[in-house]
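Here is the structure we will look at.
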Amino acid sequence: MQGRFHMYEGYPLWKVTFPVRIFHLLGVETLIVTNAAGGLNPDYKVGDIMVIRDHINLPGFAGQNPLVGPNDDRFGVRFPPMSDAYNQDLRKLAHKVASEMGCSGCVREGVYVALGGPTYETIAECRFLQRLGADAVGMSTVPEVIVARHCGMRVFGFSLITNKAVLDYESKEKANHAEVLEASRQSARTLEKLVSLMVQHIERNNNVA
Ligand code: HPA
């Protein structure tokens, strides 16, 4: 996809995730999701790539889940598990490909927490999210992953760390969209290469199977 729909643009979650169901009906078996995110983990640097190990669906705590409403049994079960949302083989493959590319130094693995946006987080919110166990924060991805897992797709995701979350009241730093865009522009080539090498490996394995 070239871009995606976001909750903060005013779309209901069934619309945000509609393309994923179309992919499923077209026969797509693996979904690769990427996003820009703020680094909550103090070890993360701008430009790092975080392989998503797991997510926290914070809007889901307040009932904002794309699967709310009558279940469409043609896609999946009423109560789908999410404990294995991000495929372990693909996570391992990402680290292997990153080391082949000589960029394993900037590849991390962690937990992505999604918020509705469009405001960036307050300092208190960042501290709260860190304590929840999140390594990176963003405003997307989780609804698409939920719908993809519901219909049995394999999911893999990366977050590009475009800024560091502000956790200190003395700091003069502020999250801003220009810095997010600039960091994304600088890392776009690396991310593109990582994804295309992963796709080549996946294709090769599919052909073997
Ligand atoms: N917070 C939320 N979303 C984001 C951020 C952030 O710091 N950076 C990029 N997307």
task: Under 1.5 on a/c is rounded, so check that first for the chain, then, if it is not, pick prolate when a/b is larger than b/c and oblate when it is not; a ≥ b ≥ c are the square roots of the alpha carbon gyration tensor eigenvalues.
output: oblate
message: Give me the one-decimal nm value for the distance between modelled label points at Lys15 and Cys106, 7 Å along each residue's Cα-to-Cβ direction.
response: 3.6 nm
field: Most positive-pole-ward Cα, Val137, Ile22, Gln2, against dipole of the chain from beta carbon charges
entry: Ile22
field: Distance between modelled label sites at Asn65 and Thr119, nm, 7 Å Cα→Cβ extension
entry: 2.6 nm
message: Could you work out the relative contact order of the chain? I mean the mean sequence separation of Cα pairs under 8 Å and 6+ apart, divided by the number of residues, in percent.
response: 36 percent
- prompt: Which order do Thr190, Thr17 take by accessible area at a 1.4 Å probe, largest first?
  reply: Thr190, Thr17
field: Rounded accessible area per residue of the chain, 1.4 Å, Å²
entry: 55 Å²
task: Could you size up the charge dipole of the chain around its Cα centre, putting +1 on the beta carbon of Lys and Arg and -1 on that of Asp and Glu, and report it in debye to the nearest 20?
output: 280 debye
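Can you order the peptides 85-96, 60-71 by their average number of other Cβ atoms within 10 Å per residue, highest first? Write down the numbers at each step before the final one.
Details: 85-96: 16.2, 60-71: 13.9.
The densest-packed peptide leads the list: 85-96, 60-71.
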message: For a test of understanding, tell me how many lysine pairs in the chain have Cα atoms under 15 Å apart, given they are 8 or more places apart or on different chains.
response: 4
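The values are calculated or read from the model by the stated rules, or taken from the named source; none is laboratory data. All values derive from a computational prediction rather than experimental measurement. Counting neighbours? That spans all protein chains shown, and the Cβs are built from the backbone with ideal geometry, glycine included. Accessible surface is based on the protein model in full, side chains and every heavy atom, while ligands, DNA and RNA are left aside. Shrake-Rupley method; radii C 1.70, N 1.55, O 1.52, S 1.80 Å.
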